[in-house]
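Beneath this line is the structure, given in structure tokens, with notes to follow.
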Amino acid sequence: MTYATVMVSLALDRPNEAPLAVAGQIAERFDAALVGIVAAVVSPPPYFTDGEQAETLIDEEQASVKRRMSELEGQFREAAKGRARDVEWRCAIDFPARYVLQHARCADIIVCGGRSDAFSDPFATITPRDLVMEAGRPLLVVPDPVDWLDPRSVLVGWKDTPEARRAIVAALPMLRKAKDVVVAEIVGAEDGQAAAVKRVRDVVRWLSRHGVSASELVAPHERDATVQLDALAANVGARMVVAGAYGHSRFRELVLGGMTQYLITQTTRCALLSH
């Protein structure tokens, strides 16, 4: 397994330097094609405008969106120069979620910037929350301060769920290039330590059969799980976390669990997530 096509999802209204840099590095490292993608639609004019005034505002806004897309294409092609064996740009005047999720079919992995979901403009950007829960592809979230993918030390946040199993399979190409991989499970009060050790040991053995040397770590639940996972990652020097992504809302599965929300908004390290 490898990454043959890397997609980088860009935002019209936010910095894109970090995901562009990391997506280019992945494409170069795996000799992959690189696809840049962005979409946006013009926000409706204020309710108090109508007729010719509203039409003028829409035309001006649409021209501005097209100029910004052209700028992003230039930025993308500059970042991809000399890194990818094949480079493709896709953009549209469309709702970002609809357009990007539709085109996710062409990629093995999607890279995007990390950001807070406190407020996001659905006319201008697709959030990591939307991508990880609906794209059907693994997502690598790159915080703004990170401009270099460092997979030498990776923490796998294990939970015995289908999401975590899919995440570790999706991460195999990265894990094979890592020097230090730690599979860690935080054991809740209702779980037995021995059972957790057995689970983690099974994962470590599975990884070894795929050419990945990993160590095991089982920690008792002592505090908030997000704080504890962050501390574990810091203690082992992990620059990337691999984890399953979880949603609580079965209506659209867009209400994220606390750990997933933390991983897409933290600013320290990359997070490879899969739902």
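Data for the structure
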read-out: Any hit, region 90-97, residues being in contact (Cβ under 8 Å) with a residue 12 or more places away in the chain, in a strand (DSSP E or B) and within 20 Å of the chain's Cα centre (by Cα); value: yes
read-out: Of all residues making up region 119-134, the number that are among the aliphatic types (A, V, I, L, M) and either farther than 26 Å from residue 43 by Cβ or surrounded by fewer than 24 Cβ atoms within 10 Å (Cβ to Cβ) (or both); value: 2
read-out: Flag for residue 110 being surrounded by 24 or more Cβ atoms within 10 Å (Cβ to Cβ) and farther than 20 Å from residue 32 by Cβ; value: no
read-out: Odd one out for residue 248 among (1) at pLDDT 95 or above; (2) on the phi < 0 side of the Ramachandran plot; value: (1)
read-out: Residue 254, sole failed condition from (1) modelled with pLDDT of 95 or more; (2) surrounded by fewer than 19 Cβ atoms within 10 Å (Cβ to Cβ); (3) within 20 Å of residue 134 (Cα to Cα); value: (1)
read-out: Residue within region 103-117 that is more than 17 Å from residue 271 (Cα to Cα) and either outside any helix (DSSP H, G or I) or among the basic types (Lys, Arg) (or both) present; value: yes
read-out: Any hit, region 189-197, residues being free of Cβ contacts under 8 Å to residues at least 12 places away in the same chain, of a type outside the set (Ser, Thr, Tyr) and crowded, with 16+ Cβ neighbours inside 10 Å; value: yes
read-out: Matching residues in region 212-230 - criterion: being of a type outside the set (Val, Ile, Thr), more than 18 Å from residue 200 (Cα to Cα) and loosely packed, with under 13 Cβ neighbours inside 10 Å; value: 222, 223, 224
read-out: Residue check for residue 57: more than 32 Å from the chain's Cα centre (by Cα) and at pLDDT below 95; value: yes
read-out: Candidate set from region 6-44 (those that are out of contact with any helix residue (DSSP H, G or I) (no Cβ under 6 Å at 6 or more places or on another chain) and among the β-branched types (Val, Ile, Thr)); member that is farthest from residue 112 (Cα to Cα); value: 41
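The values are calculated or read from the model by the stated rules, or taken from the named source; none is laboratory data. No experiment lies behind these values; they were computed from the predicted model shown. Using ideal geometry, Cβ is built from the backbone for each residue, glycine included, and neighbour counts are taken over all protein chains shown.
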